[in-house]
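Report on the structure given below.
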Amino acid sequence: MEARIREGWGTRIGFILAAVGSAVGLGNMWRFPYATADRGGAAFVLLYLLMVFIVGVPVMLAEFSVGRRARLSPIGALRAVAGPRWAALGYVYVATGFLILAYYSVIAGWTMRYTLEALLSGFSASPSEYFEHSATGIGALMYHVVFMGVTISIVVGGVKGGIERASLVLMPLLFFLIVGLAIWAAFQPGAGEGYQFYLRPEPGKLLSADTLSGAAGQAFFSLSLGMGAMLTYASYLGRDENLPGSAATVSVSDFAVAFFAGLVVFPVIFAFGLHGEISASSVGTLFISLPAAFLKMGAAGRLVGLVFFVALLVGALTSAISLLEVVTSSLIDNWKLDRARAALGSGIAIMLIGVPCAYSLDVLGLYDKIAGEFLLVVGAFVLAVLVGWRIPDPLGEVRKGFASERLLKGWLWVIRVVVPIILAVVIYQVGKAAVELVRATLS
Ligand code: TRP
């Protein structure tokens, strides 16, 4: 068999921006504000921050280290570093990616539709009816198909020519848009009230197991952890990249975008007295309350709304790319398909699996609970145990290009003890909720 040369990133900044692109997405600008509103405001934000740094950064570093050590996508990488039985975890990762992208693309499709709406006709005068009629049905299906088509076409372009090139343009654009929006929002009447809800924790709300598991789940989803996306991106890295530094940079950037998204959403929502709507928890909240607020601002609102949805769409696209890349690279590595076939075949399969989500919000919510919450946390738990306790010399790979031996020892301790304990609590909580939801949906 001829030896194949593995693709790779062109530059360090290209890798960083692609990983940030994976992390920053609907999770930051849509799920984070809604999770914050749903779980008590500022207390949740604080716990989320803690979870990003105590659990998120260490797990990301673990994924990076496995990916670069093996230089293979998840299935082959786990087999190579830990033995054949651990390949099973790789299959779970690929399945999780399938399910997440299937519904993620439907929501990204809504975003596409709202972007066009802002551009062509302005937001509808009755936002909830508009959402209800556009979130499901043939229209939703068409946007889902178009979005998957765009995602596939970039992944077909390859690691350097497709993913890296897109990220180098799109990520700076997104940062610029979201910071601009946050500055604009600061000048809205009522901004103060929004900030207060967002940034001033009420004592006593902090320490519930429910808020904790919500914050941890949000951190995993937002940082793209628990299904091998970061592992796969790191498998395209050169040998002497500083992995701890990269994990920190990516996580800080991801938190920053989520934080700025909150600085946009809460002042806007509070300025128009729509607070009640956002905490009425449903996947559609932001797609109803934000356009309602933008509508009341007249022409300026239409422009600002357009910018917001463009930023959301950009984030969704670079995240979807990473989800499809996990599946695609597994097909390339394990079944020796060429990239175009692998991306097209898996992309179409994912699109089909997403069809039910384009017809029912209940099904969409179910996919999110099972894959976007439960499987991610399980996937990260098993990986932490594997890296902490099973693979030989776990520090060897992360030591390259990084100086502080004490921090490295601290990392290993967190991966061995702290992460498994916290995740066990979260798995219990989320598992309970998922079982209830499955029961309720089936009955
Ligand atoms: N992190 C992305 C977001 O916040 C979504 C995403 C991309 C993802 N790749 C992932 C989530 C892998 C979990 C696992 O929108």
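No lab work stands behind these numbers, since they all come straight from the coordinates. Note that the coordinates shown come from a computational prediction; the quantities given were computed from them, not determined experimentally. Backbone-built Cβ (ideal geometry, glycine too); neighbour counts: all protein chains shown.
Using Cα atoms only, what is the angle between the long axis of helix 285-296 and the major principal axis of the chain, expressed in degrees (0 to 90) to the nearest 10?
Helix 285-296 sits roughly 40 degrees off the main axis of the chain.
So what's the Cα pair-distance distribution over the chain, bin width 20 Å, in %?
Taking all Cα pairs of the chain, the binned fractions are 27, 60, 13, 0 percent.
May I ask for the angle, rounded to the nearest 10°, between helix 243-271 and the longest principal axis of the chain, with both axes built from Cα atoms and the value confined to 0 to 90°?
On a 0 to 90 degree scale, this one is about 10.
Dividing the alpha-carbon radius of gyration of the stretch 306-375 by 2.2 N^0.38 Å (N being the number of residues), what value is obtained? Each step should come with its number before you reach the end.
Values: Rg = 14.4 Å, N = 70, 2.2 N^0.38 = 11.1 Å.
The value comes to 1.30.
Which semi-axes, in whole Å and largest first, does the equivalent ellipsoid of the stretch 31-146 have when worked out from the alpha carbon gyration tensor as the square roots of 5 times its eigenvalues?
Working: eigenvalues 274, 100, 26 Å².
That gives 37, 22, 11 Å for the three semi-axes.
Please report the base-10 log of the normalised intensity I(q)/I(0) for the stretch 243-374, using a Debye sum with one equal scatterer per alpha carbon and no solvent, at each q in 0.17 (1/Å).
-1.16
Can you sort Tyr48, Tyr143 from fewest to most other Cβ atoms within 10 Å of each residue's own Cβ? Mind dumping the intermediate values first?
On the way: Tyr48 26, Tyr143 22.
In order of increasing Cβ crowding within 10 Å: Tyr143, Tyr48.
What is the fewest-to-most order of Arg31, Arg6, Arg79 by other Cβ atoms lying within 10 Å of their Cβ? List each step's numbers first, then the result.
Working: Arg31 23, Arg6 13, Arg79 19.
Ordered from fewest to most neighbouring Cβ atoms within 10 Å, Arg31, Arg6, Arg79 come out as Arg6, Arg79, Arg31.
Determine ³J(HN,Hα), in whole Hz, for all residues of the stretch 62-78 in sequence, where each value follows from phi through the Karplus function 6.51 cos²θ - 1.76 cosθ + 1.60 and θ = phi - 60°; x replaces Gly and Pro.
4, 5, 4, 5, 5, x, 6, 4, 8, 6, 9, 6, x, 4, x, 5, 5
Taking neighbour counts of Cβ atoms within 10 Å as a proxy for exposure, in what order, fewest first, do Val45, Val169, Val66 appear? Walk me through the intermediate numbers first.
Numbers: Val45 21, Val169 11, Val66 28.
Going from least to most buried by this count: Val169, Val45, Val66.
Kindly identify the stretch 342-443 as rounded, prolate or oblate by the Cα gyration tensor criterion: order the square roots of the eigenvalues as a ≥ b ≥ c, call it rounded if a/c is under 1.5, otherwise compare a/b with b/c, prolate if a/b is larger, else oblate. Don't skip to the answer; put the middle values down first.
Numbers: a/c = 3.87, a/b = 1.79, b/c = 2.17.
Since a/c reaches 1.5 but b/c is at least a/b, the shape of the stretch 342-443 is classed as oblate.
Which residue, Met29, Ser153, Ala140, has the largest displacement toward the positive end of the dipole of the chain when charges sit on each Cβ (Lys, Arg +1; Asp, Glu -1)?
Value: Ser153.
Take the alpha carbon gyration tensor of the stretch 146-203, find the square roots of its eigenvalues, order them as a ≥ b ≥ c, and report rounded if a/c is under 1.5; if not, report prolate when a/b exceeds b/c, else oblate. Please report the intermediate quantities before stating the final value.
Values: a/c = 3.37, a/b = 2.78, b/c = 1.21.
Judged from the Cα gyration tensor, the stretch 146-203 comes out prolate (a/c at least 1.5, a/b above b/c).
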